[in-house]
Amino acid sequence: MIAFQEIYAAVYKNKVRTDPNFETFIETCTEISKQVEGKNIDQTCSNDVRGLIELYEEGAVPLLDEFTIFLQKMAKETGAKQIPEGSLKKLSRALEKIMFEPGPSKGNSSICRDVLRGMIIYEDMYSLTNGLEFIRNHPAWELVRVKNRFDSPTDGGWADCLLNVVKKSDRNCHVAEIQLVHEILYAARKNMGGHRDYHEYRCANELVANVNANSAQANGGNGTKTDKLLAHLERQHIEARAASKKDFKLLKELKRQIEGLKDLQAQFASLKKKQAQLESDSDAAMNTENYDKAEEIDVELNTLKNEIKKYESFINLPEKFLEENGMQQNLMGQVNKENTLTQPNTVVKNKLCELTPKQRLDAYEARMKEIAQNPVELDLNEAIRRIEKNDHSLLNLSR
């Protein structure tokens, strides 16, 4: 089975983007987005994890029946492929969502705007546009936000349109979500393994986003080139460890490079800490007019700053640091050749049983990030050919 991102990319490129009404949908969506921009999407609930229970008990559950009736009416009148049911987001997934949220919103239940949710599947972009128009000026439900992922698919390759709506008479202003989905993408997700792999990736991606946000915050808002190279090497190390045929030379070299870069970061952090202390001591000496002490500190500071410049150049050019320390750059990125596009599930499936849960998550994240960094052009026929070759069940996509 090829990776779900490649399945989605092929279907999106060959079926969705080529729909004659694709641009009309995009234009309509953009227009409506501007109309609802700035609308209130704040929900009435406690500003912490306890608020999740309130969202369910006071918002989603009481509205479920009304929301389902609304969804079904919308589906019937706009040419949907099936009659949907309203549903509630799994509590565990809602908790994941708010706890993985980076920054000050972490743990804030009010950001979970899809506890009450529903999906409407359409066979073409014309029907999808009808769905947008239906809700645009609805008398009972107000559209408060539009997220058009047909125009900008997710990192995982998935495309849809998310609509947030509020029942106008609801005193709690509970925000529900309607997912407008193209039938062909839904079929790819459901019948060709994309759905299962996407959930694995999404969880990994949220963890990584959360970690990256914290790392960026610790580095003044931006990760250094050393941070990025280190993350890349660690992904390669995870993949090399999970390969069925171990390349121990590669594993040892990757470990050496990773440890070297971590030592570099530790040394740099130590020097910066020492600089801050000396600058504080210098200020104290000047304040007490102890100029001999201030002069002594100034000499030490100048020497230290020269040392910091050297380390700073390595932090900004880590490849140079590795080269000067005799670490073999030509080994970077080499992973056993059986982990190529023709057999991407070697890491993701065959060897995962040998790893811990955290290592499994890391392996998924590594594989999906690698695909995102090195996109492969695939047309639909090629995607189908690869699936058939691996004897996977295949939905007939030639409509």
When (1) surrounded by 15 or more Cβ atoms within 10 Å (Cβ to Cβ); (2) in a helix (DSSP H, G or I); (3) touching a residue at least 40 places away in the same chain (Cβ under 8 Å) are applied to residue 249, the one that fails is (1)
Would region 69-88 turn up any residue that is small (Gly, Ala, Ser) and at pLDDT below 90? no
Where residue 69 falls short, out of the listed (1) surrounded by fewer than 17 Cβ atoms within 10 Å (Cβ to Cβ); (2) in contact with a strand residue (DSSP E or B) (Cβ under 9 Å, 6 or more places away or on another chain); (3) without any contact (Cβ under 8 Å) to a residue 60 or more places away in the chain: (2)
When you check residue 50 against the structure, is it surrounded by fewer than 21 Cβ atoms within 10 Å (Cβ to Cβ) and without any contact (Cβ under 8 Å) to a residue 60 or more places away in the chain, yes or no? yes
Find all pairs meeting these conditions: Cβ atoms under 6 angstrom apart; at least six residues apart or on different chains; first residue within region 254-267 and within 14 Å of residue 232 (Cβ to Cβ); second residue part of a helix (DSSP H, G or I) and of a type in the set (Val, Ile, Thr). 261/226
Please verify whether region 8-26 includes one or more residues that are assigned to a helix (DSSP H, G or I), basic (Lys, Arg), within 28 Å of the chain's Cα centre (by Cα) and surrounded by 17 or more Cβ atoms within 10 Å (Cβ to Cβ). yes
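The values are calculated or read from the model by the stated rules, or taken from the named source; none is laboratory data. Being a predicted model, the structure only gives us computed values, none of them experimental. In this analysis, Cβ positions are derived from the backbone assuming ideal geometry, glycine residues included, and neighbour counts consider all displayed protein chains.
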